[in-house]
(Lines give C-alpha, C1' and ligand atoms only; values in the text may rest on other atoms or scores of the structure.)
Protein backbone atom coordinates (compact mmCIF):
# COMPACT_ATOMS: atom_id res chain seq x y z
CA UNK A 1 0.00 0.00 0.00
CA UNK A 2 2.83 2.42 0.84
CA UNK A 3 4.54 1.90 -2.54
CA UNK A 4 1.32 2.78 -4.35
CA UNK A 5 0.89 5.91 -2.24
CA UNK A 6 4.45 7.03 -3.02
CA UNK A 7 3.96 6.25 -6.71
CA UNK A 8 0.74 8.30 -6.73
CA UNK A 9 2.47 11.30 -5.14
CA UNK A 10 5.43 11.10 -7.53
CA UNK A 11 3.22 10.74 -10.58
CA UNK A 12 1.33 13.94 -9.89
CA UNK A 13 4.23 16.04 -8.67
CA UNK A 14 6.76 15.64 -11.47
CA UNK A 15 8.61 18.81 -12.39
CA UNK A 16 7.69 20.13 -15.83
CA UNK A 17 10.40 20.24 -18.48
CA UNK A 18 10.50 20.90 -22.19
CA UNK A 19 10.00 17.92 -24.49
CA UNK A 20 9.41 17.69 -28.20
CA UNK A 21 6.32 16.03 -29.62
CA UNK A 22 7.11 15.76 -33.32
CA UNK A 23 3.91 13.94 -34.17
CA UNK A 24 0.59 13.23 -32.43
CA UNK A 25 -1.88 11.29 -34.58
CA UNK A 26 -5.31 10.02 -33.59
CA UNK A 27 -5.36 6.42 -34.82
CA UNK A 28 -8.87 5.53 -33.69
CA UNK A 29 -11.67 6.60 -31.40
CA UNK A 30 -14.10 4.14 -29.86
CA UNK A 31 -15.62 6.00 -26.92
CA UNK A 32 -14.34 6.21 -24.29
CA UNK A 33 -11.01 5.05 -25.78
CA UNK A 34 -8.71 7.00 -28.08
CA UNK A 35 -5.64 5.42 -29.71
CA UNK A 36 -2.76 7.78 -30.44
CA UNK A 37 0.57 7.54 -32.21
CA UNK A 38 3.11 9.79 -30.49
CA UNK A 39 6.57 10.55 -31.86
CA UNK A 40 8.43 12.33 -29.09
CA UNK A 41 11.84 13.18 -27.72
CA UNK A 42 13.66 11.11 -25.17
CA UNK A 43 12.54 11.87 -21.64
CA UNK A 44 8.88 12.36 -22.54
CA UNK A 45 6.51 10.79 -20.03
CA UNK A 46 3.69 9.66 -22.31
CA UNK A 47 1.51 8.90 -19.29
CA UNK A 48 1.87 12.53 -18.22
CA UNK A 49 1.11 13.62 -21.77
CA UNK A 50 -2.16 11.65 -21.65
CA UNK A 51 -3.02 13.22 -18.30
CA UNK A 52 -2.30 16.71 -19.66
CA UNK A 53 -4.39 16.09 -22.79
CA UNK A 54 -7.31 15.01 -20.62
CA UNK A 55 -6.98 18.13 -18.50
CA UNK A 56 -6.80 20.35 -21.60
CA UNK A 57 -10.06 18.78 -22.79
CA UNK A 58 -11.69 19.41 -19.41
CA UNK A 59 -11.71 15.75 -18.51
CA UNK A 60 -9.37 13.04 -17.28
CA UNK A 61 -7.20 10.61 -19.20
CA UNK A 62 -4.82 7.76 -18.54
CA UNK A 63 -3.07 5.04 -20.51
CA UNK A 64 -4.64 1.62 -20.81
CA UNK A 65 -1.59 0.45 -22.78
CA UNK A 66 1.75 1.81 -23.93
CA UNK A 67 3.89 0.28 -26.65
CA UNK A 68 7.26 1.71 -27.67
CA UNK A 69 7.63 1.29 -31.43
CA UNK A 70 11.10 2.78 -31.82
CA UNK A 71 14.10 4.14 -29.97
CA UNK A 72 16.15 6.26 -32.31
CA UNK A 73 16.81 4.21 -35.43
CA UNK A 74 15.91 0.90 -33.74
CA UNK A 75 12.34 -0.10 -34.59
CA UNK A 76 10.15 -2.80 -33.06
CA UNK A 77 9.12 -4.01 -36.52
CA UNK A 78 12.75 -5.06 -37.11
CA UNK A 79 12.89 -7.08 -33.90
CA UNK A 80 12.80 -10.86 -33.79
CA UNK A 81 10.36 -12.56 -31.41
CA UNK A 82 12.00 -14.63 -28.67
CA UNK A 83 10.49 -17.91 -29.94
CA UNK A 84 11.89 -17.31 -33.44
CA UNK A 85 15.27 -16.39 -31.96
CA UNK A 86 15.35 -19.70 -30.05
CA UNK A 87 14.30 -21.56 -33.20
CA UNK A 88 17.10 -19.95 -35.23
CA UNK A 89 19.55 -20.78 -32.46
CA UNK A 90 18.56 -24.45 -32.59
CA UNK A 91 18.76 -24.40 -36.41
CA UNK A 92 22.18 -22.72 -36.32
CA UNK A 93 21.02 -19.77 -38.45
CA UNK A 94 21.76 -16.95 -36.00
CA UNK A 95 24.69 -15.81 -38.15
CA UNK A 96 22.19 -14.41 -40.68
CA UNK A 97 21.05 -11.85 -38.10
CA UNK A 98 22.57 -8.40 -37.86
CA UNK A 99 25.38 -8.12 -35.37
CA UNK A 100 24.41 -6.17 -32.21
CA UNK A 101 27.38 -3.82 -32.63
CA UNK A 102 26.10 -2.90 -36.13
CA UNK A 103 22.84 -1.72 -34.55
CA UNK A 104 24.68 0.23 -31.87
CA UNK A 105 26.55 2.22 -34.51
CA UNK A 106 23.26 3.96 -35.37
CA UNK A 107 22.90 5.38 -31.87
CA UNK A 108 24.22 8.77 -30.86
CA UNK A 109 27.63 8.55 -29.23
CA UNK A 110 28.84 10.41 -26.19
CA UNK A 111 32.43 10.49 -25.02
CA UNK A 112 32.85 10.65 -21.25
CA UNK A 113 35.69 11.44 -18.95
CA UNK A 114 36.68 8.66 -16.60
CA UNK A 115 34.89 10.43 -13.75
CA UNK A 116 31.69 10.88 -15.80
CA UNK A 117 31.90 7.23 -16.89
CA UNK A 118 32.02 6.14 -13.25
CA UNK A 119 28.98 8.30 -12.45
CA UNK A 120 26.97 7.00 -15.42
CA UNK A 121 28.09 3.44 -14.69
CA UNK A 122 26.55 3.79 -11.24
CA UNK A 123 23.22 4.72 -12.83
CA UNK A 124 23.42 8.44 -12.09
CA UNK A 125 22.81 11.19 -14.61
CA UNK A 126 25.40 13.81 -15.47
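The values are calculated or read from the model by the stated rules, or taken from the named source; none is laboratory data. These numbers were taken from a predicted model, which means no experiment stands behind them. A quick note on method: Cβ atoms are made from the backbone with ideal geometry, for glycine too, and the neighbour counts reach across all protein chains shown.
Residue 106: surrounded by fewer than 11 Cβ atoms within 10 Å (Cβ to Cβ), touching a strand residue (DSSP E or B) at 6+ places or on another chain (Cβ under 8 Å) and part of a loop (DSSP other than H, G, I, E, B), yes or no? Taking the combined requirement at face value, the residue satisfies it. Output the residues belonging to the stretch 109-126 that are at pLDDT 85 or above and surrounded by 10 or more Cβ atoms within 10 Å (Cβ to Cβ). Once the filter is applied, which keeps residues that are at pLDDT 85 or above and surrounded by 10 or more Cβ atoms within 10 Å (Cβ to Cβ), the stretch 109-126 yields 112, 116, 117, 118, 119, 120. What are the pairs with Cβ atoms under 7 angstrom where one residue, in the stretch 91-110, is farther than 19 Å from residue 76 by Cβ and the other, located anywhere, is surrounded by 10 or more Cβ atoms within 10 Å (Cβ to Cβ) and at pLDDT 80 or above? Sequence gap at least six, or different chains. That search, which allows pairs on different chains as well, returns 94/88. Of all residues in the stretch 43-68, those satisfying the criterion of being surrounded by fewer than 14 Cβ atoms within 10 Å (Cβ to Cβ) and touching a residue at least 24 places away in the same chain (Cβ under 8 Å) are 43, 64.
Can you spot a residue in the stretch 10-22 that is at pLDDT 90 or above, outside any helix (DSSP H, G or I), surrounded by fewer than 10 Cβ atoms within 10 Å (Cβ to Cβ) and not assigned by TED's automatic domain parsing to the domain that holds residue 104? The answer is yes; a qualifying residue exists.
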